[in-house]
């Protein structure tokens, strides 16, 4: 025998809510024979995008006093990572920037501020290219002369389209990593 409180009377319970079945939405793309005819597809011109003004490069903000106090320490050659993979990646990146398929900002870490500013001007003055990505074998040969004080001078033969060209780099070791400080031949 159980004792019921006054709020638990023996009144009939409310009927359960009615359930209804809904169709499952289609989540797969249509098959080729289910596509609308090509004439029905809207091909609106990209008018608003063409009306935008051309992009311009904005100078970097003035460095803070704290950044001025940071001094780059020259790192000895023995404490730096191998220079060959860094140089190959840097030359490949420079070729892709000049081809217009890589943003220059991706090279900021590996270049000195002065060289980066020079590259910004060179990219801004260069006419737009075809956008063909240089292949992974665009760097044909790479010769590196390393000095014990943490300097590497790099000479590379690269393929730019159907022609061969020479590129020279100077990389300096600072803060335990390589930094490109000068480029010639681009």
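When only Cα pairs under 8 Å and 6 or more residues apart are kept, what is the percent relative contact order across segment 103-163? Relative contact order of segment 103-163: 24 percent.
Determine, for each peptide in 22-32, 169-179, the mean count of other beta carbons within 10 angstrom over its residues, then list the peptides with the highest first.
Details: 22-32: 6.2, 169-179: 19.1.
Order by mean packing, descending: 169-179, 22-32.
The peptide list 149-161, 112-124, put in order of mean Cβ contacts within 10 Å with the highest first, becomes 149-161, 112-124. Which of the three applies to segment 118-186, rounded, prolate or oblate, going by the alpha-carbon gyration tensor with a ≥ b ≥ c and a/c under 1.5 meaning rounded? It comes out oblate by the Cα gyration axes.
Bear in mind that the values in this text are calculations on the coordinates, not laboratory data. Not measured: the values here are computed from a predicted model. As a convention, Cβ positions derive from the backbone with ideal geometry for all residues, glycine included, and neighbour counts pool all protein chains shown.
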